Amino acid sequence: MTPTGNTILITGGGSGIGAALAQRLHDAGNSVIVAGRRQEALDETIAGRERMSAVTLDIDDPAAITAFAARVLADHPALNVVINNAGIMKLEDITAKRDLADVEATIVTNLLGPIRLIDAFVDHLKMQDGATIVNLTSGLAFVPLTAAPTYSATKAAIHSYTVSLRRALEGQVAVIEIAPPGVQTALTPGQETRPGYMPLDAFADEVMALWAELPPSNEILVERVRPLRNAEADHRFPETLGQLNESAERARAAGNA
């Protein structure tokens, strides 16, 4: 993927990381389609940017994904980049029997959604110059937050799926992983202003700077996520697991999570 002149689809584009990256990618000289559940939020993302458009999508519905892909390709036949960003995160108590509705919803949105979307576009992408698939995972793919075990597990699964996809599509479609640290977004209540989380603008700016490096690496890792990404390789996994979760527990006890 060259830095400019692409036609890019990004899910979860109505807020947070999705909106921030979508706007920066547009301003770098790309045409960008943002997708998400709420038209009003998508309209806010694209306001005042002439090469941006918005299409609603329920990422949990397989039939909706099929219809969405057909519409996007009809309207934007030059599409050559798909960014899977949409996701949800729920805190869970896994120490006793419970209702698993949140677990199932998290798996559908965070794991099946991106897999289905890739499936809907992969044949088209293989015919495009500069074709690229970008999957957003998380630092929690590598060191889990035990209060969000299903979220962490889905991100680990998407990391693994991305590795397989990269090898399978080698020479046809570039496959990139972006693994964010904790970023100040609305992913969980209170997270937009939570101390210790990376400011959204700083995260998006660092991602764009790394993305501009040619050729792009397989992974885009801001400095703040590297301790999580490299914990196991650096033989720091037990310590990092403890530090991450103890810090999160203190934040929740203080009413910040």
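Go through the residues of the range 39-46 one by one and say whether even a single one is hydroxyl-bearing (S, T, Y), buried (at least 22 other Cβ atoms within 10 Å of the Cβ), within 18 Å of the chain's Cα centre (by Cα) and closer than 19 Å to P180 by Cβ.
yes
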| request: Have a look at T11, T4 and point out the one that is touching a residue at least 24 places away in the same chain (Cβ under 8 Å), among the β-branched types (V, I, T) and surrounded by fewer than 21 Cβ atoms within 10 Å (Cβ to Cβ). | output: T4
| message | Quick check on my filter: what residues within the range 153-176 are crowded, with 21+ Cβ neighbours inside 10 Å and not in a strand (DSSP E or B)? | response | T154, K155, I158, T162, V173
| message | Just checking, does the range 25-47 include any residue being in contact with a Ser or Thr (Cβ under 6 Å, 6 or more places away or on another chain) and closer than 21 Å to Q184 by Cβ? | response | yes
| request: Keeping to the range 117-143, report how many residues are in contact with a helix residue (DSSP H, G or I) (Cβ under 9 Å, 6 or more places away or on another chain), farther than 27 Å from R236 by Cα and of a type in the set (S, T, N, Q). | output: 1
| query | Does A251 meet the test of being part of a helix (DSSP H, G or I), at pLDDT below 95, among the small types (G, A, S) and surrounded by fewer than 20 Cβ atoms within 10 Å (Cβ to Cβ)? | reply | yes
| remark: Scanning the range 121-152 for residues that are part of a loop (DSSP other than H, G, I, E, B), under 22 Å from I94 (Cα atoms) and among the aliphatic types (A, V, I, L, M) gives V143, L145, A147, A148
| task | Go through the range 178-211 and give me each residue that's aliphatic (A, V, I, L, M), in contact (Cβ under 8 Å) with a residue 60 or more places away in the chain and surrounded by 12 or more Cβ atoms within 10 Å (Cβ to Cβ). | result | V183, L187, L200, A204, V207, M208
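Look at G5 and say whether it is out of contact with any Cys (no Cβ under 7 Å at 6 or more places or on another chain) and at positive phi.
Considered against the rule, which asks whether it is out of contact with any Cys (no Cβ under 7 Å at 6 or more places or on another chain) and at positive phi, G5 comes out as yes.
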| request: Tell me which of these P114 doesn't satisfy, since it passes every other one: (1) out of contact with any helix residue (DSSP H, G or I) (no Cβ under 7 Å at 6 or more places or on another chain); (2) under 27 Å from R71 (Cα atoms); (3) not β-branched (V, I, T). | output: (1)
| message | Only one of I118, I94 is in a helix (DSSP H, G or I) and in contact (Cβ under 8 Å) with a residue 12 or more places away in the chain. Can you tell me which? | response | I118
| task | Quick one: in the range 46-64, of everything that is out of contact with any Asp or Glu (no Cβ under 8 Å at 6 or more places or on another chain) and touching a residue at least 40 places away in the same chain (Cβ under 8 Å), which residue is farthest from F121 (Cα to Cα)? | result | D60
| note | Selection over the range 212-241 where residues are in contact with a strand residue (DSSP E or B) (Cβ under 6 Å, 6 or more places away or on another chain) and assigned to a helix (DSSP H, G or I) yields a count of 1
| Is one or more of the residues making up the range 65-82 β-branched (V, I, T), crowded, with 16+ Cβ neighbours inside 10 Å and under 30 Å from T193 (Cα atoms)? | yes
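Name the one entry in D99, D43, D75 that is at pLDDT 95 or above and closer than 19 Å to M127 by Cα. Even if it seems obvious, please write down each step before you answer.
Numbers: D99 fails: closer than 19 Å to M127 by Cα; D43 fails: closer than 19 Å to M127 by Cα.
Residue meeting the stated conditions: D75.
The values are calculated or read from the model by the stated rules, or taken from the named source; none is laboratory data. Remember, predicted model here, so these are calculated numbers, not experimental data. Note: ideal-geometry Cβ built from the backbone for every residue, glycine included; neighbour counts use all protein chains shown.
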